[in-house]
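Nothing in this text is a laboratory measurement; each read-out follows from the coordinates by a stated rule. It should be emphasised that the depicted structure is a prediction, and the values quoted were computed from it without experimental measurement. Cβ sites come from the backbone with ideal geometry, for glycine too, and all protein chains shown count toward neighbours.
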Amino acid sequence: MSARVGSSGGASHDRLHDDEQLIRLAIAAAAESGPDDVPIGAVIVDPEGFELARAGNRREADGDPCAHAEVIALRAAAQRFGDGWRLGGCTLAVTVEPCTMCAGAIGLARIEKVVFGAWEPKTGAVGSLWDVLRDPRLTHRPQVRGGVLADECAALLKSFFAGQRDHLA
């Protein structure tokens with residue numbers, strides 16, 4: 001079942017509200033991460049604001065280095081929308097700044113807009129360490145908005161890694 005997420009147009013104030021809604025959906029999707037996986041969630045909506053896919057990180061659970069939330073959501077959305085791989089006009093929201101692999105996949109899928117929560121200074125490829133999606137040498141450069149509900153998204157990571165440290169102690 002698809003649910004409409006806010007409006008796809010309107011004033012910048014409306015867009016801000018929409019981006020926050022999308023990040024809240026991504027936070028909920030992080031709960032779908034495997035028990036030993038970093039809780040990262042992603043959601044993709046079509047140009048009208050209807051949800052196409054959501055996913056949690058499953059790298060550890062699936063034993064798959066490519067099972068990041070963004071990639072899983074891109075694969076699912078591509079099966080439901082467009083010509084099988086182009087997701088033009090769609091928006092992807094994710095709780096953490098995408099890594100290089102995910103940024104590449106997002107660009108290749110032709111996502112129109114990327115919204116993310118927490119910045120990732122160690123591996124972030126959408127403004128922190130690199131800026132893959134806005135590289136002027138590429139033919140497709142989506143709109144990017146980072147830092148949306150950053151504190152809430154960072155708290156998910158902080159809690160997970162604190163639990164990991166406690167488990168090792």
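Charge tally around Thr100: other residues with Cβ under 14 Å, Lys/Arg +1 each, Asp/Glu -1 each, net -3.
Excluding Ala154 itself, calculate the net charge of residues whose Cβ lies under 12 Å from the Cβ of Ala154, where each Lys or Arg counts +1 and each Asp or Glu counts -1.
Numbers: positive: Lys158; negative: Glu97, Glu120, Asp151, Glu152.
So the environment of Ala154 carries a net charge of -3.
Packing here is the average count of other Cβ atoms within 10 Å per residue, and on that basis the peptides 57-64, 117-124, 18-25, highest first, run 18-25, 117-124, 57-64.
Given a Förster distance of 25 Å, report the FRET efficiency between Thr100 and Phe50 from their Cβ-Cβ distance, rounded to the nearest 0.05.
Between Thr100 and Phe50 the formula returns 0.30.
Each Lys or Arg adds one and each Asp or Glu subtracts one; over the other residues with Cβ under 15 Å from the Cβ of Leu87, this totals +1.
Relative to the compact-globule estimate of 2.2 N^0.38 Å, the Cα radius of gyration of the stretch 81-169 comes out at 1.21.
The label-point distance for Gln143 and Glu60, in a model that sets each label 7 Å from Cα toward Cβ, rounds to 3.6 nm. Using a cutoff of 8 angstrom between alpha carbon atoms and counting only pairs six or more residues apart, the relative contact order for the chain works out to 17 percent. Classify the stretch 12-163 as rounded, prolate or oblate from the Cα gyration tensor: take a ≥ b ≥ c as the square roots of its eigenvalues, call it rounded if a/c is under 1.5, otherwise prolate when a/b beats b/c and oblate if not. It is rounded, given that a/c, with a ≥ b ≥ c, falls under 1.5.
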